[in-house]
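Everything on this sheet refers to the single structure shown next.
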Amino acid sequence: MKMTESQDIEQATTAIAAQPDNKTRRYDRQLRLWAASGQAALESSRVLVLSASATSTSILKNLVLPGIGHFTLVDSTLVSPADAGNNFFLNGRDSIGKSRAQEAVPLLRELNESVQGEAVVSDVKELLSSDSGREWITGFSLVIAHNLAKPVVDDLAALLWDDLANPPLIVVNSAGFLAEFFISISRALWYAASPHTDAIPTLRITRPFPALLQWARDLDLENMDPTTHAHIPFVIILVRAVDLWRREHNGALPTTMAEKRAFKESVLAMKIKPDEENFDEAEQQAWRVWSEPAVPSEISALFSLPELQQPSTSSDTNALPNPTFHALLRTLSAYVRLQRVYREQAAAEKTLFKELLAQVYPELAQKIDPDEVDTFVKNSHHVRVLRGRPWRAWDKERDVVVSSLSATPRESATHLALSALSTLLAQSSDISEITVDSLKKEVQSFVGPDVELPEEVDTAIGELARAPTADLPNMAAFLGGMVAQEAIKMITQQYVPVCGYCVLDLVDSWTGIVG
Amino acid sequence: MTNGNASSGDWEGRYFHVDQILDRPGPRTDPSFLAGEEVKDFLRNKCKILVIGAGGLGCEILANLALSGFKDIHVIDMDTIDISNLNRQFLFRQKDVGQPKAIVAAEFIMNRIPGVKVTPYYGKIQDKDDDYYMQFNLVICGLDSVEARRWINATLVNLVDPENPESLKPLIDGGTEGFKGQARVILPTVTSCYECSLDMLNKPTAFPICTIANTPRLPEHCIEWASVLEWPRVHGDQKLDTDDPEHIGWLYSIASARAKEFKIEGVSWSLTQGVVKNIIPAIASTNAIIAASCCNEAFKIATSSAAYLNNYFMLIGTDGVYSYTFEHERREDCPVCGGEALDVSIGKEWTVERLIEMLVEKQDIQIKKPSLSSGAKHIYFQAPPQLEEATRPNLEKMVSELVPDGGEITVTASSLPFSLSLRVKYV
Amino acid sequence: MIKIWSMKKNEDAAAKKKPKTSAAQIRVQKDLTELDLPSTMKTHFPDPADLLNFTLTITPDEGMYRGGAFVFSFVINTNYPHEPPKVKCTQTIYHPNVDLEGNVCLNILREDWKPVLNLNSVMVGLQYLFLEPNADDPLNKEAAEELRKNREQFIYNVKNSMRGGNIKGVHCEHAPQSPYSSHALELWHVVAATWVAHSLEGAK
């Protein structure tokens, strides 16, 4: 065993390691965010984008570059002089009069050779009118629609909401400096397994598992040599201090300010030399014992999901399995030991989890990939279930909308103004009918005549009346980034997508959530 | 065709979308906005804008500016294209690897968007002088280095000439990291500047050198061992080139061996490169958002068509969408835009010693033990002894021998928060 | 273009123009000209016009390194004080917190550097390493081990190293301030004390 190891070291030092392959190098900066698993998910995704507007091609650009598997761009219209002026993925004046979708797709595909792309010259309304069209749409993994006519979006959203297996839909609407988008998602389980989450792992200090507690109790502080003493990991110091504290306080943790101070003093009192940093570290980390751990609220909420069957046995600790552990600890030997202790515990808990799974969901346990179980257990601290709402469900609760108008006037007003604009645009193709008055009338009739509209409504409406059909290059690029970001989060399942209408105002440069 | 669309290459309706904004004001538009042809003419025929950086943000910025109607765009970048840029820098292709970013990006934009002139400069921002920066109306930065940002910020603050309104160049700065980013508008000497907010930056992670040397626990410790301690020990004066795959390969194998010895998992090529190059994760979508925000501010400032960002926008997209727009305040003791400045009129025959006495005695400033310099020239230093001795002969010299009329003297002293700047006039 | 100029408060805007010196340059001028060093520390500028490259010589007047003269190079880049100065010991010395390459283990030079710290704080920190060498944060493991286990032997090694002796096969540079300093006498006291300690141990 030792031989192999030393040989490996020798090998490692003599051979100059070769750099990674081209694909890994190309995607290096994003693999640092979502790793190979996220990349694989992207590469197997199929994205459908409805309308080949400047905003749509901006969204697609940001999905083709990181390497989705496939995209289809649907648009039945021809390139207008205005399109040729504001869409980067057209050949300027040369594209005028040609199919928007067909002109844009080759320019998007050349961004990344490994992405498949297809143009479909069809009208979305027509696609939705046939069963084959409807079935075709549901075959994608994500659908994105920009500035589609209101009835078409409503129909599309209803179709996709209908079945849990259908792809989620992102509805995007913009005009001038204002925009919003909404993710309509029936239900999905997310692991937010990103190494960039800021959540702090629980160290089980207040509920130590036996090996940890034993170690802390076995310490012979008085007769230990000074170097070892100065290198007791802070975790162990805290476990010991909590253990002693509980014996003297009927099992309770320190709660009042005075108790917390006394607890910290008890930690520092264990020092044998004033400069023992591990005890200082333990004192600084003492906040970890002010409360019991700490299944995150998002996680504990999962246990009350109606779909879940309750396990017949429960684990004796009310804690989640341990994630990999890297804390700041002092010496090598103590650190390696601590790491081993945590790792063994994590392995034991994984076994327990698998037993429970087999007991409660025998069928699922049979067919599930063991790697997936490992990933799930490892990331159990970051699991979230997002429960989406149907498109426009929020808008139907008038009381909620009205109270939101006074609680978050800026965001709510912008959302209502954009809704009113879609309604008016669907009623008439005459742009001159979009005025401050007609928009305001629409908003007022939506919330009811008795509701006094805040001035934020006038601000939003004024901006929309100024530029009701403007797909501004900067807004298109901004939305292109925002929507692609959400798409990536949904596809990789490592970051949490936004819930509700995400509203943008590029005059005062803010984003907000409503609904 | 109207005046605003006079340049060649334009077609009727080209600016249909943008013109909806430029033809009439909105509710939050400043009354000074001149809707219609005049503003279009300025944007499309007169306005000159500088883009610093042709990388992740720069590519996006160039495309957005060109589509928005800016026609005279300059771009500076000192880098060449690397394969790892291709996941987001969408003006570059595999065949362009190794070529200068500024030149390839400029050509791409000019091919795709007719009538737009993009003038590239392949080199450093520090190569250019004040006259160069003076020619632009606006500057947008998409940089990845604190140092370059500090330099351009200080340069534009220094450029502000009290007698010349044209000398005040709005600086729009963007930055991203993974799913996070920020955009800000700096009006030099009016709003908070880049230096004012330097303490908001996360300091780069550094590990104690003794941990690296003795008690490594993380893969990063092993990599730092290889790069900080082993590289100079083994290679002496040969500089570590973090772009050289052989150098990274060497570090990777040394780090791996050390990791093995200490039973540490997780040293990989990618992590090695990440640690030694201080690589920041970067994706197209975040760059698109931030670049769009920067260009949107440039557009609003150039046209006055809507209120502009006052003055800081930050976005975090890891968990939902969270953004925060706020006014970052100027720092009184900012080394670049803060501090006091004084006009002093002295006799042509005044010695440095007499000037110092005047500074010490002057009731309204009361500087104790001032040290003086002018540009790179040391006039008089109170300490350390060697420099005091070296500059002591200057005490008897006339100020006018050392500093020209209207020249600047930088004064530092422990009683001053940072420095005081004197503008000397001889009477 | 927006009318930014009108937003400039009329104030003394007239005199706001700053000299063409970088913030880093001014900051270094401020740090250096306000240095308040004890007589045991001296700076030296090979090129007095260049404030960014200089050396610091520390000649401790107490502790076990008393009598030595230790030279550190300081290299400051234009990103100062966002980045700390780069400091290295230019000699091979026997010290638990300085390795044989001259790397120094001082927290404020790396992980704990903050722009509010200045050159004075770094210099004081360096001097402290000679007054209180720290065996818990070793860069030279053998030296740290010796300091922990056998303080007398450690002191003996320090003195020996400062005379240019070999410690465990590593040749240390001759580092005395003056070979004939009054500290020589103390050195022999220490050597004698070590001898006594050793012979006592042998007698046990």
Close pairs (9 angstrom Cβ cut-off, 6 or more residues apart or separate chains): under 22 Å from A:Ser37 (Cβ atoms) in the stretch A:355-379, among the basic types (Lys, Arg) anywhere
A:Ala365/A:Lys354; A:Pro370/A:Lys354; A:Val373/A:Lys350; A:Val373/A:Lys354; A:Asp374/A:Lys350; A:Val377/A:Lys350; A:Val377/A:Lys354; A:Lys378/A:Lys350
Which of (1) surrounded by fewer than 17 Cβ atoms within 10 Å (Cβ to Cβ); (2) on the phi > 0 side of the Ramachandran plot does C:Gly67 not meet, given it meets every other one?
(1)
Of all residues in the stretch B:181-240 being hydroxyl-bearing (Ser, Thr, Tyr) and outside any helix (DSSP H, G or I), which is farthest from the other protein chains (Cβ to nearest Cβ)?
B:Ser192
When you look at B:Tyr380, is it hydroxyl-bearing (Ser, Thr, Tyr) and in contact with a Gly (Cβ under 9 Å, 6 or more places away or on another chain), yes or no?
no
List the residue pairs whose Cβ atoms are under 8 Å apart, where the first residue sits in the stretch B:142-169 and is free of Cβ contacts under 8 Å to residues at least 12 places away in the same chain, the second is among the aromatic types (Phe, Trp, Tyr), and the two are 6 or more positions apart or on different chains.
B:Pro165/C:Trp5
When both residues are 6+ apart or on different chains and their Cβ atoms are under 9 Å apart, which pairs have a first residue that lies in the stretch A:224-246 and is among the polar types (S, T, N, Q), and a second that is surrounded by fewer than 24 Cβ atoms within 10 Å (Cβ to Cβ) and in a loop (DSSP other than H, G, I, E, B)?
A:Thr227/A:Thr331; A:Thr227/C:Ala135; A:Thr227/C:Asp136; A:Thr228/A:Thr331
Failed condition for A:Gly515, given (1) under 16 Å from the mean Cα position of the chain (by Cα); (2) surrounded by fewer than 24 Cβ atoms within 10 Å (Cβ to Cβ):
(1)
Elements of type helices (runs of 4 or more DSSP H) in the stretch A:381-462, at least 1 residues being under 19 Å from A:Gly512 (Cα atoms)
A:398-407, A:409-427
State the number of residues belonging to the stretch B:116-160 that are part of a loop (DSSP other than H, G, I, E, B) and closer than 19 Å to B:Cys47 by Cα.
5
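Against the definition (in contact with a Gly (Cβ under 7 Å, 6 or more places away or on another chain), among the small types (Gly, Ala, Ser) and in the same structural domain as A:Val124 (by TED's automatic domain parsing)), how does A:Ala41 come out, yes or no? Lay out the reasoning, then the answer.
On the way: in contact with a Gly (Cβ under 7 Å, 6 or more places away or on another chain): no; among the small types (Gly, Ala, Ser): yes; in the same structural domain as A:Val124 (by TED's automatic domain parsing): yes.
No; evaluated as a whole, the condition is false for this residue.
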Scanning the stretch B:284-308 residue by residue, the ones that are of a type outside the set (Ser, Thr, Tyr), touching a Lys or Arg at 6+ places or on another chain (Cβ under 7 Å) and within 16 Å of A:Asp505 (Cβ to Cβ) total 2
Among the residues of the stretch B:267-287, are any within 14 Å of chain C (Cβ to nearest Cβ) and surrounded by fewer than 18 Cβ atoms within 10 Å (Cβ to Cβ)?
yes
Quick one: is A:Ile461 hydrophobic (A, V, I, L, M, F, W, C) and either in the same structural domain as A:Ser422 (by TED's automatic domain parsing) or at pLDDT below 95 (or both)?
yes
I'd like to check something: does the stretch B:243-254 contain any residue that is under 23 Å from B:Pro281 (Cα atoms), surrounded by fewer than 17 Cβ atoms within 10 Å (Cβ to Cβ) and more than 7 Å from every other protein chain (Cβ to nearest Cβ)?
yes
Within the stretch B:196-224, restricting attention to residues that are in contact with a Lys or Arg (Cβ under 6 Å, 6 or more places away or on another chain) and at pLDDT 90 or above, which residue is surrounded by the fewest Cβ atoms within 10 Å (Cβ to Cβ)?
B:Cys196
Among the residues of the stretch A:439-451, are any over 30 Å from A:Arg46 (Cβ atoms) and within 14 Å of chain B (Cβ to nearest Cβ)?
yes
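Rundown of residues vs (1) buried (at least 18 other Cβ atoms within 10 Å of the Cβ); (2) more than 10 Å from chain C (Cβ to nearest Cβ), yes/no style:
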| position | (1), (2) |
| --- | --- |
| B:Arg331 | yes, yes |
| B:Gly347 | no, yes |
| B:Glu357 | no, yes |
| B:Ile367 | yes, yes |
| B:Gly375 | no, no |
I'd like the residue in the stretch A:279-301 that is in contact with a Lys or Arg (Cβ under 7 Å, 6 or more places away or on another chain) and modelled with pLDDT of 85 or more and, out of all such residues, is farthest from A:Pro254 (Cα to Cα).
A:Phe279
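A quick yes/no check of all residues on (1) in contact with a helix residue (DSSP H, G or I) (Cβ under 6 Å, 6 or more places away or on another chain); (2) outside the structural domain of A:Lys441 (by TED's automatic domain parsing):
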{"residue": "A:Val457", "(1), (2)": "yes, no"}
{"residue": "A:Phe478", "(1), (2)": "yes, yes"}
{"residue": "A:Ile488", "(1), (2)": "no, yes"}
{"residue": "A:Gln494", "(1), (2)": "yes, yes"}
{"residue": "A:Cys499", "(1), (2)": "no, yes"}
I'm trying to understand the selection: among the residues of the stretch C:30-44, which are over 17 Å from B:Glu389 (Cα atoms) and surrounded by fewer than 18 Cβ atoms within 10 Å (Cβ to Cβ)?
C:Pro38, C:Thr40
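Can you report the number of residues in the stretch C:126-167 which are farther than 28 Å from C:Thr43 by Cα, aliphatic (A, V, I, L, M), touching a helix residue (DSSP H, G or I) at 6+ places or on another chain (Cβ under 6 Å) and surrounded by 22 or more Cβ atoms within 10 Å (Cβ to Cβ)?
Of all residues in the stretch C:126-167, those farther than 28 Å from C:Thr43 by Cα come to C:136, C:141-142, C:144-154, C:156, C:166-167.
Filter once more, keeping what is aliphatic (A, V, I, L, M): C:144, C:147, C:167.
Now narrow it down to the ones that are touching a helix residue (DSSP H, G or I) at 6+ places or on another chain (Cβ under 6 Å): C:147, C:167.
Checking which are surrounded by 22 or more Cβ atoms within 10 Å (Cβ to Cβ) leaves us with C:147.
The number of residues fulfilling the criteria is 1.
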Among (1) away from chain C (no Cβ under 13 Å); (2) in contact (Cβ under 8 Å) with a residue 12 or more places away in the chain; (3) of a type in the set (Asp, Glu) - the single one B:Asp131 does not satisfy:
(2)
Of everything in the stretch A:247-275 that's in a helix (DSSP H, G or I) and in contact (Cβ under 8 Å) with a residue 12 or more places away in the chain, which residue is surrounded by the most Cβ atoms within 10 Å (Cβ to Cβ)?
A:Val267
In the stretch A:489-512, residues that are within 7 Å of chain B (Cβ to nearest Cβ), in contact (Cβ under 8 Å) with a residue 60 or more places away in the chain and surrounded by fewer than 24 Cβ atoms within 10 Å (Cβ to Cβ) total 5
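In the stretch A:357-377, which residues are out of contact with any Phe, Trp or Tyr (no Cβ under 9 Å at 6 or more places or on another chain), surrounded by 12 or more Cβ atoms within 10 Å (Cβ to Cβ) and in a helix (DSSP H, G or I)?
From the stretch A:357-377, those out of contact with any Phe, Trp or Tyr (no Cβ under 9 Å at 6 or more places or on another chain) are A:357-367, A:369-372, A:374; that's our starting set.
Within this subset, residues satisfying the condition of being surrounded by 12 or more Cβ atoms within 10 Å (Cβ to Cβ) are A:357-361, A:365, A:374.
The answer is A:Leu357, A:Ala358, A:Gln359, A:Val360, A:Ala365, A:Asp374.
The values are calculated or read from the model by the stated rules, or taken from the named source; none is laboratory data. Remember, predicted model here, so these are calculated numbers, not experimental data. Counting neighbours? That spans all protein chains shown, and the Cβs are built from the backbone with ideal geometry, glycine included.
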